[in-house]
Amino acid sequence: MTAAATGPAATARELIDAVSTGFRELPRHDSSGGPDGPIGWSGYDASRARARERTGETEAVVCGTADAGGTEAVLVAFEFGFLGGSIGAGTGERIETAFITARELSLPVVSLIASGGSRMQEGMFALTQLQRIARQMVRLRAAGLPHVAVLAGPVTGGGWATLGAGADVRVALPGAQVGFAGSRVRPAGADPRAYTAEGQFAAGRVDRIVEPGELRATVARWLSLLTRPAPGPVPPPRALRAADPPRGGWEAVLRAREPDRPRARAYLEAYFTEREPLGGTDPGILSGFGLHEGRSVAYVAQCGTATTPAGFRAAIRLVGLADRLGIPVLTLVDTPGAANDAEAEREGVGPAIAEAITTLAGCRIPVTTLLIGEGGSGGAIALTSLGRTWVTPDSYYSVVAPELAVSILKRGPEQVPATAEQLRLRPQDLVDLGVARGIVSP
């Protein structure tokens with residue numbers, strides 16, 4: 001599939017062919033809404049007639065079922081050539097029917113979006129279609145069915161604010177225009193990059209930029225990962241380094257801080273045969289879905305840095321999505337603690353930790369945790385499963401780092417090693433205390 005066939009000029013049916021085979025269009029009922037539409041916009045009927053003649057379509061969206069790389073799915077594909085892919089009452093009706101069909105058949109939804117937003121010629125009737133669409137998206141979520149959006153571009157206005165940004169997973173073609181404000185309504189001097197797929201990816205609102213030639217395989221992988229859960233709970237990864245349990249608390253801390261200790265990426269690569277990441281802006285958090293023994297497992301992993309509010313929110317998104325889809329979760333804990341600078345406070349680090357803790361606590365699906373390095377205070381507990389936690393021999397878990405503990409207790413810095421011993425933070429201490437179920441072996 002060429003870039004031209006899947007770029008901004010791609011038709012709805014070209015987009016469908018780019019990700020699927022065997023497309024079967026859903027029955028449709030196209031009503032005019034009266035002469036010149038629901039608000040009597042002069043010339044609207046003529047505009048629609050020209051759009052039908054130019055595109056061969058009767059509305060700005062084409063909906064049906066198809067095989068997307070081995071997974072049967074409902075497809076919602078926008079025809080940008082039909083009045084800019086705008087959303088009117090007829091468009092809303094078709095999208096509503098598509099989502100209802102997905103629920104009735106227990107199928108995922110793939111939205112292929114190229115839309116300028118709400119249709120001006122239908123006034124508020126057009127804008128209320130966003131509520132109609134949102135209601136069906138909520139019902140799809142309640143049914144435990146996934147929704148993947150392909151942002152073919154442009155994706156602006158209500159197209160982005162409902163089907164695009166509201167999807168479970170969002171992938172975009174390079175250079176696609178993606179943003180709430182279209183090019184004609186932005187403030188003068190606005191940074192144009194903010195309204196691109198790349199800008200949204202940098203902000204964590206797009207999960208992946210996909211080259212046209214990779215689109216079919218990417219959509220197929222996501223649908224497979226989101227619809228074929230592993231039986232939970234999943235086992236913890238094995239330790240990647242052999243070591244005897246540390247003799248003292250300070251030795252445990254120093255061992256966990258060794259720069260050559262195996263980190264999250266190494267554990268993920270050893271545990272999964274295939275992974276697809278979700279977007280985020282904290283480089284110290286890795287989250288997404290992967291294949292373990294042929295079935296899907298969700299993961300969120302700390303990479304040894306202080307976790308920011310954005311990192312906790314990425315974890316919340318991952319765990320919430322996995323819970324809704326019935327996919328078991330693996331968390332890898334490795335952080336000196338939550339970020340505690342002024343910027344973290346302004347961004348709401350406390351509420352972010354609270355939401356992460358309650359999200360894990362409220363999970364209906366099993367969560368498995370492996371402590372692979374530092375387990376610092378609230379930053380670590382936010383991603384720790386109660387009752388299903390294991391530890392590696394080169395890790396420690398503490399109510400607070402020993403250096404901070406001596407400050408809180410008004411002790412001198414020379415008391416750090418002794419305080420580490422008192423905190424009972426060694427792997428074997430955690431097992432004895434019932435905090436961990438066991439120490440994993442290589």
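Could you give me the residue pairs with C-beta distances under 7 Å whose first residue belongs to the stretch 31-60 and is within 16 Å of residue 94 (Cβ to Cβ), whose second residue is of a type in the set (Asp, Glu) and at pLDDT 95 or above wherever it lies, and which are 6+ apart or on separate chains?
55/79; 57/79; 60/79
So that you can scan it fast, the table gives a plain yes or no per residue for (1) surrounded by 24 or more Cβ atoms within 10 Å (Cβ to Cβ); (2) at pLDDT 95 or above; (3) farther than 22 Å from residue 68 by Cα; (4) of a type outside the set (A, V, I, L, M, F, W, C):
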residue	(1), (2), (3), (4)
117	yes, no, yes, yes
121	no, no, yes, yes
135	no, yes, yes, yes
143	no, yes, no, no
146	yes, yes, no, yes
154	yes, no, yes, yes
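Just to be sure, is residue 370 crowded, with 20+ Cβ neighbours inside 10 Å and over 26 Å from residue 420 (Cα atoms)?
No; evaluated as a whole, the condition is false for this residue.
Against the definition (under 20 Å from residue 202 (Cα atoms), part of a strand (DSSP E or B) and at pLDDT 95 or above), how does residue 287 come out, yes or no?
Yes.
Filter the stretch 283-317 for residues that are surrounded by fewer than 24 Cβ atoms within 10 Å (Cβ to Cβ), closer than 19 Å to residue 221 by Cα and of a type in the set (S, T, N, Q) and give the result.
296 - this is the single residue of the stretch 283-317 that is surrounded by fewer than 24 Cβ atoms within 10 Å (Cβ to Cβ), closer than 19 Å to residue 221 by Cα and of a type in the set (S, T, N, Q).
Give, as residue ranges, the helices (runs of 4 or more DSSP H) completely inside the stretch 333-419 that count at least 2 residues that are among the hydrophobic types (A, V, I, L, M, F, W, C) and within 26 Å of the chain's Cα centre (by Cα).
Fully inside the stretch 333-419 and qualifying: 349-361, 377-381.
Anything in the stretch 301-318 that is among the hydroxyl-bearing types (Ser, Thr, Tyr) and either farther than 15 Å from residue 333 by Cβ or in a strand (DSSP E or B) (or both)? List them, or say none.
Scanning the stretch 301-318 gives 307, 308.
Tell me, yes or no, whether the stretch 239-249 has at least one residue that is closer than 30 Å to residue 368 by Cβ, surrounded by 20 or more Cβ atoms within 10 Å (Cβ to Cβ) and in contact with a helix residue (DSSP H, G or I) (Cβ under 8 Å, 6 or more places away or on another chain).
yes
Which residues, taken from the stretch 142-167, are under 21 Å from residue 325 (Cβ atoms), part of a strand (DSSP E or B) and either of a type in the set (Val, Ile, Thr) or more than 18 Å from the chain's Cα centre (by Cα) (or both)?
Within the stretch 142-167, 148, 150 qualify.
If you check 252, 217, 298, 270, which single one turns out to be closer than 30 Å to residue 349 by Cα, assigned to a helix (DSSP H, G or I) and either touching a residue at least 24 places away in the same chain (Cβ under 8 Å) or in contact with a His (Cβ under 6 Å, 6 or more places away or on another chain) (or both)?
252
Do you know which residues across the stretch 2-44 are surrounded by 16 or more Cβ atoms within 10 Å (Cβ to Cβ), modelled with pLDDT of 85 or more and within 14 Å of residue 119 (Cα to Cα)?
36, 37, 38, 41, 44, listed by residue number.
Looking at residue 104 and the list (1) buried (at least 24 other Cβ atoms within 10 Å of the Cβ); (2) among the charged types (D, E, K, R); (3) without any contact (Cβ under 8 Å) to a residue 40 or more places away in the chain, which single condition is not satisfied?
All conditions are met except number (1).
In the stretch 83-108, which residues are part of a loop (DSSP other than H, G, I, E, B) and at pLDDT below 95?
86, 88
State whether the residues of the stretch 414-437 include one that is more than 25 Å from residue 241 (Cα to Cα), basic (Lys, Arg) and in contact with a helix residue (DSSP H, G or I) (Cβ under 9 Å, 6 or more places away or on another chain).
No - not one qualifying residue is present in the stretch 414-437.
The values are calculated or read from the model by the stated rules, or taken from the named source; none is laboratory data. These numbers come from a predicted model, not from an experiment. Cβ coordinates were reconstructed from backbone atoms using ideal geometry, including for glycine residues, and neighbour counts include every protein chain displayed.
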